[in-house]
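Accompanying notes for the structure given below.
The values are calculated or read from the model by the stated rules, or taken from the named source; none is laboratory data. Bear in mind the structure is a predicted one, so any value in this text is a computation, not a measurement. Quick reminder, even Gly has a Cβ in these numbers, built from the backbone with ideal geometry, and neighbours come from all protein chains shown.
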Amino acid sequence: MKRLIATVVVLVATTSLAVGTGGASAATRSAGRGATIATATSSLGRVLVDGQGHTLYLFEKDKGRRSACSGTCATYWPPLRTKGKPIAVRGAARSLLGVTRRADGTSQVTYGGHPLYLFVQDTKPGQTRGQDLHDFGAAWYVVSPAGKKIED
């Protein structure tokens, strides 16, 4: 009986962790490790990606380094969170990386002063389905290695 209860507790804890990530990549969930930011080639040219190769976006409604995306918005556009100092690799500029504190107390990666987000409909590396969408009051754009929005 104790073994069954322990198994159920582990299963519930694991399920809660998976549900609570809001679609964030494994790189953003690593305890104490900074999120990895890199560049990759896409149909829009060279873009920023997370450690799993998923495209990163900026939200034009954000003011400075302050995120304007929370609640339902963050369900569709999960913030790129980090537990430590973010790491720049493969073409990403370390000097453009930063961190901002979200209203919920978590840390979100910034690049060129823009908070970074993933898009839940980008299910595979290289997809850019969130490009130029107008959701939650403003436009979303893929981010270039220079920290600027890419317009198609």
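Looking across the stretch 54-101, the residues that are assigned to a loop (DSSP other than H, G, I, E, B) and buried (at least 17 other Cβ atoms within 10 Å of the Cβ) come down to 54, 56, 62, 67, 69, 77, 78, 80, 82, 86, 92.
Confirm whether residue 152 is among the acidic types (Asp, Glu) and modelled with pLDDT of 95 or more. No.
For the stretch 102-137, taking the residues that are assigned to a loop (DSSP other than H, G, I, E, B) and of a type in the set (Asp, Glu), the one that is surrounded by the fewest Cβ atoms within 10 Å (Cβ to Cβ) is identified as 104. Considering the stretch 42-80, and only residues there that are within 22 Å of residue 124 (Cα to Cα) and among the charged types (D, E, K, R), the residue that is farthest from the chain's Cα centre (by Cα) turns out to be 46. Can you tell me which residue within the stretch 34-53, out of those that are touching a strand residue (DSSP E or B) at 6+ places or on another chain (Cβ under 8 Å) and part of a loop (DSSP other than H, G, I, E, B), is farthest from residue 133 (Cα to Cα)? Looking at the filtered set, the residue picked out is 34. Checking each residue in the stretch 85-120 for being among the small types (Gly, Ala, Ser) and farther than 21 Å from residue 41 by Cβ picks out 95, 98, 103, 105, 107, 113. Taking the listed residues 99, 142, the one that is among the β-branched types (Val, Ile, Thr), under 12 Å from residue 56 (Cβ atoms) and either modelled with pLDDT of 95 or more or in contact with a strand residue (DSSP E or B) (Cβ under 6 Å, 6 or more places away or on another chain) (or both) is 142, with no other qualifying.
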